Amino acid sequence: MAVREILVAPDKRLKTVCEPIAEVDAEVRRLMDDLIETMHAAPGIGLAAPQIGVLKRVLVIDVHGEDEAPQPIAMANPEVAWASDEMATREEGCLSLPEHYAEVTRPARVRVAYVDRQGARRELEAEGLKAACVQHEIDHLDGILFIDRITPLKRNIILRKLGKAQRLKAAG
Ligand code: NI
């Protein structure tokens, strides 16, 4: 397992539609382990493969209470199989958009079909924070960032600040 570097927007790789996994083999399991370790080190509650520069449909989430043990879930080829008509709005952040947060509206409850670390087909039912988190991570696999789901005005403010930070980093 290894902690990998997390890409920061704007980066072309974060805007890419990722490739499905043909089979959960040793390489995919290693990718899942690296994602979990990198997510926990950040720390974050979710991380998708494109965020470490791997353009494959793999993500991890870990939404547990402060007094609970870690409960990481790794998914290959996750898909929203069902979403509630009821919507929910909550503040989101992203390890690829450090220090930026915005309110995002998504379906309040979802059922997600995926392939697990052992290659078995499974489903996850989620609501609340977990529902928002898994939808946010699936978006990453389609090259969608949470700022793509807010108003252009708010998005441009965040992108301008990120661009400025990158130029300063490049200069300094
Ligand atoms: Ni994110």
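Annotations
- Approximating the spin labels as points 7 Å out from Cα along Cα→Cβ, the Ile144-to-Ala41 distance works out to 3.0 nm.
- Backbone N within the stretch 28-55 under 12 Å of label point (7 Å from Thr16 Cα along the Cβ vector): 49-55
- Of all accessible heavy-atom area on the chain, the percent that carbon and sulfur account for (1.4 Å): 49
- Here the stretch 113-129 is scanned for amide nitrogen atoms under 18 Å from the site 7 Å beyond the Cα of Arg30 along Cα-to-Cβ, giving 117-119.
- Distance between the stretch 54-81 and the stretch 149-172 - C-alpha centres, whole angstrom: 28
- Accessible area per residue, Å², the stretch 12-171 with all protein chains present, probe 1.4 Å: 55
- Kirkwood Rh in Å, taken over the chain so that all alpha-carbon pairs contribute: 16.4
- Only Lys, Arg, Asp and Glu carry charge here, each on its Cβ (+1 for the first two, -1 for the last two); on that basis the stretch 12-171 has a dipole of about 1000 debye about its Cα centre.
- Measuring between alpha carbons in the structure, the pairs from Lys130/Lys169; Lys56/Lys164; Lys130/Lys164; Lys15/Lys161 lying more than 25 angstrom apart are Lys130/Lys169; Lys56/Lys164; Lys130/Lys164.
- Stretch gain in nm, segment Ala2-Glu123, where the contour uses 0.36 nm per residue and the Cα spacing is subtracted: 40.8 nm
The values are calculated or read from the model by the stated rules, or taken from the named source; none is laboratory data. What you are looking at is a predicted structure, and each value in this text was computed from that prediction instead of being measured. Glycine also receives a Cβ, built like all others from the backbone with ideal geometry; neighbour counts cover every protein chain displayed. Accessible surface areas use protein heavy atoms only, side chains included; no ligands, DNA or RNA. Shrake-Rupley method; radii C 1.70, N 1.55, O 1.52, S 1.80 Å.
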